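Trainee: Sharing a structure below in structure tokens format, with a few things to ask.
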Amino acid sequence: MSDDLLFESKNYFYLGNYQSTINEINKKSRQIIEKSLKAESDYFLYRCYIAQGNYDLVLQETKNNRGEDPTIAGLQLLASYLSRPDENRESTLVTITQWIGDGVVKFNYHLQVIIATIYFNEQLYDEALSILNNCDHIEGLSMLIQIFLKIDRLDLAQKAYETMKKIIDPDATPALLSLAWINIYNGDEKLKSALSSFEEMTERYGPTPLLLNGQAVCALAMKRFEKAESLLLDSIEKNPKNSDTIANLINCYINMKKPNEIIQRYINQLKTLSPKHDWTSAINEADALFEVSKSRFN
């Protein structure tokens, strides 16, 4: 019964519909009485606020927690880190190392996901994998699959997906999303299956930036650039600060040969919003190489 109470909230969260997650948890606040259920709902509630960029709200509401609850401490760390990634990077990584050494992380799967999220953002993929090693919970397995695909280990991503199917129904949202991303990586005919899956979830649950970006990535791979553009513009209307949307839109507009000033505007926006995004890193590396090459002729 407890799991059923948060089912819709979690499902909205997995779909990237953070405001609906917040609304659903707030609507059921009077029913969320049991201590463990309250802790679970708080975790998803604050993860949503963090995803929306409401870092100060999370830090303010949890300020009375002074390390007593490791999950809340983890959420505080994530909010603080994301509010100023460059400034807080070193202290955040030191704190994580201390927690791992103290054994705080080992049996707390929420904390494992939080720490893996920070490592992922820092492109410390080996460290993220070591935290999620042998995990048997949904969010951790979803993240494992994303990391394995990021480092081109399709075999391990598929293995993690097989483990996931033993825990949840293959038709559950996290499993459908994971399979869709695996199918995108496989390409060719699998792209059609991935696109259908994203479209079906969009029809069933409504469009979110995550689902629209999934469809757009499929469309880009199929060279359907106008369709991708339409999906990405819908996504940017829902969240103008979604870095994946902006990165995919840059890719789309380069392929569509849009005017350079439009492309550059989105590049500048991405650099500001997400300095550690893969696209930003690639652009910065290209800029640095250009400057080195240019200096040779000065």
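Trainee: Only one of Asn268, Asn284, Asn255 is modelled with pLDDT of 95 or more, of a type in the set (S, T, N, Q) and open to solvent by 60 Å² or more (accessible area, probe 1.4 Å). Can you tell me which?
Mentor: It is Asn255.
Trainee: Taking the condition modelled with pLDDT of 95 or more, open to solvent by less than 40 Å² (accessible area, probe 1.4 Å) and of a type in the set (Asp, Glu), does Asp42 pass?
Mentor: Considered against the rule, which asks whether it is modelled with pLDDT of 95 or more, open to solvent by less than 40 Å² (accessible area, probe 1.4 Å) and of a type in the set (Asp, Glu), Asp42 comes out as yes.
Trainee: Among (1) without any contact (Cβ under 8 Å) to a residue 40 or more places away in the chain; (2) touching a Leu at 6+ places or on another chain (Cβ under 7 Å), which single condition is Glu229 missing?
Mentor: (2)
Trainee: While we're here: Quick one: would you say Ile182 is of a type in the set (A, V, I, L, M) and at pLDDT below 95?
Mentor: no
Trainee: If I ask for residues that are closer than 14 Å to Asp234 by Cβ and not polar (S, T, N, Q), which ones from segment 204-216 would you list?
Mentor: Passing the criteria: Gly206, Pro207, Pro209, Leu210, Leu211, Leu212, Gly214, Ala216.
Trainee: Among the residues of segment 31-46, how many are over 16 Å from Phe7 (Cβ atoms) and within 16 Å of the chain's Cα centre (by Cα)?
Mentor: Residues in segment 31-46 being over 16 Å from Phe7 (Cβ atoms) and within 16 Å of the chain's Cα centre (by Cα): 1 in total.
Trainee: Kindly state which helices (runs of 4 or more DSSP H) lie completely within segment 169-240 and contain at least 1 residues that are within 18 Å of Gly16 (Cβ to Cβ) and open to solvent by 60 Å² or more (accessible area, probe 1.4 Å).
Mentor: Correct list: 173-186, 190-205, 225-238.
Residue-by-condition table, conditions (1) farther than 12 Å from Ser178 by Cα; (2) modelled with pLDDT of 95 or more:
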residue	(1), (2)
Val113	yes, yes
Glu122	yes, no
Ser142	no, yes
Ile167	yes, no
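Trainee: A follow-up question, please. Hey, among the residues in segment 241-250 that are in a helix (DSSP H, G or I) and open to solvent by less than 50 Å² (accessible area, probe 1.4 Å), which one's farthest from Ser230 (Cα to Cα)?
Mentor: Step by step, filter segment 241-250, then rank; the result is Ser243.
Trainee: Of all residues in segment 45-62, which are open to solvent by less than 30 Å² (accessible area, probe 1.4 Å) and assigned to a helix (DSSP H, G or I)?
Mentor: Leu45, Tyr46, Cys48, Ile50, Val58
The values are calculated or read from the model by the stated rules, or taken from the named source; none is laboratory data. The model shown is predicted, which means the values in this text are computed figures rather than measured ones. Neighbour counts run over all protein chains shown; Cβ positions are idealised from the backbone, glycine included. These area figures cover heavy atoms from the full protein model, side chains too; ligands, DNA and RNA do not enter into them. Shrake-Rupley method; radii C 1.70, N 1.55, O 1.52, S 1.80 Å.
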